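Mind looking over this structure? Questions follow.
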Amino acid sequence: MLERKLAEKFRRLYTENSLKLKNYEDQLFLIDDPFDWIQLLSERSYVMREVYAENEELMAELWENCSEEITPEEAELLYDLAIGFFFDDHHDFVVLTEFCERILPVFKEMDEPEFLVAIYHVLGSEYAQFYRSVGDKKGMSIALDYLRGSIAQAERYSQISAPEVREFIFRDYLQLITYLSGFYTEKDESIRLYDKVWALWNNENVQQRDSDNEQIKGFLSIIDDAFMAKSQNIDVLSETDREKYLSLLGESYRRAKEKDGEKEGTPDFRTCITYKWLRGDIKSEEVLEKLIKSINEILPKPTFSNDDPINFEIVMRHFKYACTAIMVLEKMELDDNERSSYLDRFMPTSMEILSKVPYRFFTGDMQPVCEQWYHAAEPMLSGELNKVQFIMQMIVRRQPFTYIHSQMVAKIATMIGQIILEKEPELLIGVRGMETLEDIQKSKAYILSFITMSGLVHDIGKCYIPDTINRQNRSLNTKEYATIRKHSEVGYREAQNNAALRPYADIIIGHHKHYDGLHGYPLGYDNSESKEKVIIDLISIADSIEAGTDTLTRSYTKNKDFEKLLSELKAEAGTRYNPKIVKLIEDSKELREELGNLTGQGRYDIYYRAMQEILGNAEEELPNI
């Protein structure tokens, strides 16, 4: 049976280990001297392995001492652990969900609303955070059901003594209204929820307890914003639902008007003019002029060097004004020149601020904002290079170790690509429409650029995978492993929606598929049908070389040098790996030496350069495509 002493030991040591790794990662972003930075990276690698081993032991010890059927006493200990981690912002998907799912049946039996709200909130929040970015509808459906479980306890609001748990109910209304925009089963559910949350706030019991609760008032303000954002999809509503939506939006408009609705550049002003536009009271041209004026002349500029919440709020205001302007533009019937004319008047200002948010500026909060800004602004950009630079800026570089890995894979693949062009260029016939050896000889620079870009974007899907998977402070559970295996499909989906990435779509989805097509993933993808098959094989080999020799950022990788890794490539040549590419590597002594250096000491230079790019201290060098 689990005892308090063991539970306290688990929390103390697991927290210490998390803080230890976080401290190393924080220091990596602060140290400028290359030698000191490399030294710290090596230390982190060693500590990461120690933490991994100790956390595995801690988890095993905890569950070994729990009863097969959790007792009420054990449930309370695990509840204290989970809620403690959650309030400490320790969002470890496995720890929080496994604890809460084990204890939920016990507290359902006890029928305690305070415990139930907290458990449902943690589960709903963690599942949503984990599955939202990868677009996993099954996972999000579980998240939404847990959040519905939380708000269902609102009828027993007066029985919940802890104000922070009562706040969870409003937070969960906010999450439901926000997430239902992309994962809804009933188009009117968010409309009903919006109506209910304001009815709950105006309830006499709620006002007696929480009328002065600034946290709840903040959630209600964001709920108004999230509900307004749904206007982008207003066309999917029935006439009845549309009228109900606009009616409720009218209440939001009246609240905004009473505050700063007439003051240009404020959140309330944006709410008011958007509502008037939706009602048809003002024309699109007029609302655009007001938005553009606020963006260029009124909204203050944030100071990124200062991690002040005020600066975060300023960034969010720029984001919402720019997204609203884009939404209005999308609803207008304009030719390309007319649309460009409007974009040229506000996008430079918006891009200057939103596309240059430093990685260390409210990192966790900015991650979903950067994703949303990318999806809002990308269709407005022209030029393949601009689009690729934008996705690298907004998405890829915000996952530092995925970005570093991609830089390494690109370098390795390009080095091998040069040998293919020199020794067996016929392997590349068919790639990018090359029909003859003469085509290939004329297009060497283009082919190498294509290989380099393939390496840089092959793992784009990993940038949508939850950050908890990348921490490597413990082994992955079944759900996490299944999710990380989806990264190639997530990346492929992104590539299909982005003209600049579309040429690399087969490489993105196929780089974990074996050469013979019989193993690897995704199971349903047939790599033999791709005209870029040899590039898929090349990136697959480069990926394996990089991952297999990386002991700096992977807690599970055993210490291998390149020659040992090459023997593994040879052993699986013809099944997992393209035998002709493996043979070319084996036969080129110079290439083997270069790859040995790059995957050994040379790795440090690539890592340091990539980190400087992430911090904005160096410009990213993209090939000419």
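Can you find, among 354, 256, 219, the residue farthest towards the positive end of the dipole of the chain? Put +1 on the C-beta of Lys and Arg, -1 on that of Asp and Glu.
With unit charges placed on the Cβ atoms, the residue in question is 354.
I would also like to ask the following. What per residue convex hull volume, in Å³, do the alpha-carbon atoms of the stretch 455-576 yield?
Value for the stretch 455-576: 116 Å³ per residue.
Still on this structure, I have one more. Give the order of 525, 173 when sorted by the count of other beta carbons within 10 angstrom, beginning with the fewest.
Listing 525, 173 from fewest to most nearby Cβ atoms yields 525, 173.
If you rank 415, 327 by fewest surrounding Cβ atoms within 10 Å, what's the result?
So the ranking, lowest neighbour count to highest, is 327, 415.
Taking every pair of Cα atoms in the chain, average 1/r, invert it to obtain the Kirkwood radius, and report Rg/Rh to two decimals.
With Rg and the Kirkwood Rh in hand, the quotient comes to 0.99.
Kindly rank 92-105, 39-52 from highest to lowest mean number of other beta carbons found within 10 Å of each residue.
Those peptides, ordered most packed to least, come out 92-105, 39-52.
Kindly put 316, 1 in sequence by how many other C-beta atoms sit within 10 Å of each C-beta, fewest to most.
Ascending Cβ contact count within 10 Å gives the list 1, 316.
Taking the Cα centre as origin and putting +1 on Lys and Arg beta-carbons and -1 on Asp and Glu beta-carbons, what dipole magnitude results for the stretch 393-614, to the nearest 20 debye?
760 debye
Give me, ordered by chain and number, the residues 5 or more places off residue 577 or on other chains with an amide H under 5 Å from its own placed amide H.
Long-range HN contacts for residue 577: 515.
For the stretch 393-614, I need the span (max minus min coordinate) of the C-alpha atoms along each principal axis, in Å, sorted largest to smallest.
Largest first, the stretch 393-614 extends 49, 38, 36 Å along its Cα principal axes.
Same structure, new question: If you take the C-alpha gyration tensor of the stretch 152-247, multiply each eigenvalue by 5 and take the square root, what semi-axes do you get, largest first, in whole Å?
26, 12, 12
Where the only charges are on Cβ atoms (+1 Lys, Arg; -1 Asp, Glu), what is the dipole of the stretch 259-380 about its Cα centre, to the nearest 20 debye?
260 debye
Output wanted: per-residue J couplings in Hz (rounded whole) for the stretch 579-585, from phi through Karplus 6.51 cos²θ - 1.76 cosθ + 1.60, θ = phi - 60°, x for Gly and Pro.
Residue by residue, the stretch 579-585 yields x, 5, 5, 4, 5, 4, 5 Hz.
5 Å is the cut-off here: which amide hydrogens, built 1.01 Å from N in the peptide plane, fall below it relative to residue 520, excluding neighbours closer than 5 in sequence?
Those qualifying (amide H under 5 Å, at least 5 residues apart or on another chain) are 514.
Once you have the Kirkwood Rh of the stretch 264-368 from its Cα pairs, apply Stokes-Einstein at 25 °C and 0.890 mPa s and quote D in µm²/s.
Calculated translational D: 170 µm²/s.
I want the local charge near residue 296. Using Cβ-Cβ distances under 14 Å, sum +1 for each Lys or Arg and -1 for each Asp or Glu among the other residues.
0
Setting aside same-chain residues fewer than 8 positions from residue 290, which lysines have a Cα under 22 Å from its Cα?
The reachable lysines, counting only those whose Cα sits under 22 Å from residue 290, are 230, 257, 259, 263, 276, 301, 320, 331.
While we're here: Can you give me the three principal axis dimensions of the stretch 33-104 from its C-alpha atoms, in Å, biggest first?
54, 25, 14
Here's a follow-up. Around residue 361, with a cut-off of 12 angstrom between Cβ atoms, what is the net charge of the other residues, counting Lys and Arg +1 and Asp and Glu -1?
Its environment carries a net charge of 0.
In addition: Excluding residue 507 itself, calculate the net charge of residues whose Cβ lies under 12 Å from the Cβ of residue 507, where each Lys or Arg counts +1 and each Asp or Glu counts -1.
Result for the neighbourhood of residue 507: 0.
Bear in mind that the values in this text are calculations on the coordinates, not laboratory data. Since the model is a prediction, treat every value here as computed from it, not as a measurement. Please note: Cβ atoms are built from the backbone with ideal geometry, for glycine as well, and neighbour counts cover all protein chains shown.
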